[in-house]
Ligand code: DC
């Protein structure tokens with residue numbers, strides 16, 4: 001799909017990387033600091049997966065998913081300053097964070113027809129506003145003209161620790177080893193899939209976050225942005 005002509009009056013900063021690299025925390029803090037919109041593209045894949053589960057379709061049935069791509073309606077709405085995610089008209093903001101939806105969203109996101117549909121949605125959400133876009137292919141595919149592209153990484157062990165802490169905050173107890181195994185499996189699938197494999201854009205800044213605080217990461221990105229737009 002050909003991207004729309006870039007709108008130079010609005011800027012995009014892309015933050016890509018694997019699960020647990022710190023994208024959500026950093027993208028949220030950066031958007032707040034700049035007063036920009038935070039587009040969590042993973043939530044669109046999760047919402048699609050939630051609708052697939054609700055409809056009783058198998059998330060690994062690629063042919064059924066391709067047929068559903070134009071049928072399932074995913075929406076991101078801002079309500080009272082908070083971002084809510086809808087699928088088929090139903091608020092799935094909390095449901096999309098469950099382990100069930102996490103598991104289902106990876107095979108769902110490998111289906112080209114689903115990606116094409118959701119990429120279109122992601123671009124339309126960012127149109128006309130300054131956006132921090134977080135995901136896997138924001139810099140490579142969705143916003144190739146972004147002002148600054150960042151690819152965050154962290155060691156699998158550190159990413160597993162962070163994931164366990166996230167689950168604990170939601171009162172879900174999971175084992176670090178289990179989370180680590182899932183991370184390695186998802187990494188392999190996300191980086192070897194045919195469409196939009198997880199990889200840094202050639203012009204992305206690559207940042208390893210094991211020993212950096214989120215504030216330090218945000219400071220660096222702001223400095224890169226100032227440099228890029230001087
Ligand atoms: O970042 P996340 O865990 O919320 O992403 C959920 C799933 O969607 C994950 O399997 C990766 C996939 N994804 C993707 O393929 N492309 C994106 N831009 C964002 C997420």
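Read the figures in this text as sums done on the coordinates, not as results from a lab. Everything numeric in this text was worked out from a predicted model, so none of it was measured. A quick note on method: Cβ atoms are made from the backbone with ideal geometry, for glycine too, and the neighbour counts reach across all protein chains shown.
The alpha carbon gyration tensor of the stretch 55-213 gives principal lengths a ≥ b ≥ c with a/c below 1.5, which makes the shape rounded.
Report the residue, chosen from 120, 78, 182, that carries the largest GNM mean-square fluctuation when the chain is represented by alpha-carbon nodes joined by springs under 10 Å. Highest fluctuation among the options: 78. In a fully extended conformation the segment linking residue 189 and residue 213 would gain 5.8 nm over its present Cα-Cα distance, using 0.36 nm per residue.
With the simple spin-label model, which puts each label point 7 Å out from Cα in the Cβ direction, the residue 130 to residue 203 separation comes to 2.0 nm.
Taking the number of Cβ atoms within 10 Å of each Cβ as an exposure proxy, the fewest-first ranking of 57, 101, 132 is 57, 101, 132.
Protection proxy ranking, highest mean first, for peptides 211-218, 83-90: 83-90, 211-218, where packing is the per-residue count of other beta-carbon atoms within 10 Å, averaged.
Using a 10 angstrom cutoff on alpha carbons, build the Gaussian network for the chain and name the most mobile of 160, 181, 21. Judging by the Gaussian network model, the answer is 181. Which whole-number percent of Cα pairs in the stretch 103-193 have a distance greater than 16 Å? Here the tail beyond 16 Å accounts for 65 percent of pairs. Considering only beta bridges that DSSP places wholly inside the chain, some 30 percent are antiparallel.
The shape of the stretch 42-137 can be summarised by an equivalent ellipsoid whose semi-axes, obtained from the alpha carbon gyration tensor, come to 21, 15, 12 Å from longest to shortest.
One chain, two ends: residue 82 and residue 175. Fully extended at 0.36 nm per residue, the span grows by 30.4 nm beyond their Cα-Cα distance. Computed extension gain for residue 33 through residue 220, at 0.36 nm per residue and net of the alpha carbon distance, reaches 66.0 nm.
Per residue, the average separation of C-alpha pairs within less than 8 Å and at least 6 apart gives the stretch 65-127 a relative contact order of 29 percent. Cβ crowding within 10 Å, taken as a proxy for footprinting-reagent exposure, orders 225, 205 from fewest neighbours to most as 205, 225.
When each of the peptides 64-75, 105-116, 162-173 is scored by how many other beta carbons lie within 10 Å of its residues on average, the order from highest to lowest is 105-116, 64-75, 162-173. The alpha carbon gyration tensor of the stretch 79-124 gives principal lengths a ≥ b ≥ c with a/c of 1.5 or higher and a/b no greater than b/c, which makes the shape oblate.
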